[in-house]
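K.L.:
Before we start, here is the structure in question, set down as structure tokens.
The values are calculated or read from the model by the stated rules, or taken from the named source; none is laboratory data. These figures come from a predicted structure and were not determined experimentally. No Cβ is skipped: glycine too gets one built from the backbone with ideal geometry, and neighbour counts run over all protein chains shown. Areas reflect the complete protein model, heavy atoms only, side chains present, ligands, DNA and RNA absent. Shrake-Rupley method; radii C 1.70, N 1.55, O 1.52, S 1.80 Å.
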Amino acid sequence: MSVRLAAGRGLLFQRRAFSSINSALSVDRPSSVDGSYEGPAVKTPVPGPKSKDLTKQMGEVMETGTVHFFVDYNRSHGNYVVDADSNVILDLYTQIASIPLGYNHPSVKNVFSKESSLVTLASRPALGINPPADYVRLLKDSLISVAPSGMNEVTTMMCGACAVENAYKSAFIWYMTKQRGEPLTPDSEEFKTALYNQPPGSPKLSVLSFLGAFHGRTLACLSTTHAKVIHKLDIPAFDWPIAPFPVLKY
């Protein structure tokens, strides 16, 4: 029996010899007391018939080229994801490494069940303009409390690409501020040219990136991403330098 990572996504499932193992895996193995699974239980090819049907339905209203299979998140627990066809799959992908504690972790669910969390989710505050009254406390109790030594400030972002994109912008702003050495005034040349994408308001700066790198799929991040052609095809990019990655051989 061979094992593969589904399209490079880290979703572990059996590919061959389904006929010989179906009987052994046809029933979900007993769950532990916290609802997690003791092992994988693959009953159909992946994607299964239900996922294929849902993908077809979804294709009528939006792009489905990246869909691997549909998930039953109510039944997924720990590091096991359950798909629409009831296959229990060991998940090494974890939603792009965004759920390190696994699916349906009791402590995480408890936080989201609190009234304060529900109010925040329902109100969708613009944190940079109208942060909640308890936001400073939340930052200090969470991110700041585990920050590396010497780092006492934080900028929150919605996703990984957002974080990289804003890191680029922060570096550009820091560099240009240091170069000028004095505050700008409304009548400065920078103010007059920035809206037209012209220097000095829009300076000729760049980010050096490595061939093979992946930093995200927003526009600046994509200009420093060189992992797969499909990520970049037909999309304009900044004319920034690219270097071969120093692959070490021992």
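K.L.:
State which entries of Lys204/Lys228; Lys109/Lys140; Lys169/Lys232; Lys178/Lys228; Lys43/Lys232 exceed 25 angstrom in Cα-Cα distance in the structure shown.
P.N.:
Violating the 25 Å limit, Cα to Cα: Lys204/Lys228; Lys178/Lys228; Lys43/Lys232.
K.L.:
How high is the relative contact order of the chain, given as a whole-number percent (alpha carbon pairs under 8 Å, six or more residues apart)?
P.N.:
Relative CO of the chain lands at 10 percent.
K.L.:
Still on this structure: Given labels modelled 7 Å from the Cα in the Cβ direction, how far is it in nm from Ile242 to Glu190?
P.N.:
Spacing of the two 7 Å Cα→Cβ label points: 3.2 nm.
K.L.:
Where does the Debye-calculated log10 I(q)/I(0) of the stretch 173-250 sit at q = 0.15, 0.17, 0.18, 0.23 Å⁻¹, using only Cα point scatterers of equal weight, no solvent?
P.N.:
Here log10 of I(q) over I(0) equals -0.69, -0.80, -0.84, -1.04.
K.L.:
Further question: Residue by residue through the stretch 224-238, what is 3J(HN,Hα) from phi via Karplus (6.51 cos²θ - 1.76 cosθ + 1.60, θ = phi - 60°)? Round to whole Hz and write x for glycine and proline.
P.N.:
10, 9, 9, 8, 9, 4, 4, 5, 10, 4, 6, 10, x, 9, 5
K.L.:
Could you compute the longest span of the chain free of GluC sites (Glu not before Pro) located in DSSP loops and having at most 16 other Cβ atoms within 10 Å, not counting the site residues?
P.N.:
Between exposed loop sites, the widest span is 154-250.
K.L.:
Same structure, new question: Using only the Cα atoms, work out Rg/Rh for the stretch 101-250, with Rh taken as the Kirkwood radius, to two decimals.
P.N.:
When Rh is taken as the Kirkwood radius, the ratio is 1.04.
K.L.:
Sequence gap at least 6, Cα distance under 8 Å: using those rules, report the relative contact order of the stretch 151-250 to the nearest whole percent.
P.N.:
22
K.L.:
Where the accessible area of the chain is counted over protein heavy atoms with a 1.4 Å probe, how much of it, in %, is carbon and sulfur?
P.N.:
Percent of accessible area from carbon and sulfur atoms in the chain: 60.
K.L.:
Decide, for the stretch 144-218, between rounded, prolate and oblate: order the square roots of the alpha carbon gyration tensor eigenvalues as a ≥ b ≥ c, take rounded if a/c falls under 1.5, and otherwise choose prolate if a/b is larger than b/c, else oblate.
P.N.:
oblate
K.L.:
Oh, and also: Please give the per residue accessible area of the stretch 29-131, computed with a probe of 1.4 Å over protein heavy atoms only, in Å².
P.N.:
Heavy-atom SASA per residue in the stretch 29-131 reads 64 Å².
K.L.:
Here is a further query. Give me a comma-separated list of calculated 3J(HN,Hα) values for the stretch 106-122, in order, Karplus coefficients 6.51, -1.76, 1.60 applied at θ = phi - 60°, integers in Hz, x for any Gly or Pro.
P.N.:
Per residue, the Karplus-derived 3J(HN,Hα) values read x, 5, 5, 5, 5, 4, 6, 7, 6, 4, 4, 5, 5, 4, 5, 5, 6 Hz.
K.L.:
At most 12 other Cβ atoms within 10 Å and a DSSP loop assignment: could you name the trypsin sites (Lys or Arg not before Pro) in the stretch 40-128 that fit?
P.N.:
Filter output for the stretch 40-128: Lys114.
K.L.:
Continuing with the same structure: So what does the Cα-only Debye profile of the chain read at q = 0.11, 0.17 Å⁻¹, as log10 I(q)/I(0), no solvent term?
P.N.:
Values, matching the q order: -0.93, -1.39.
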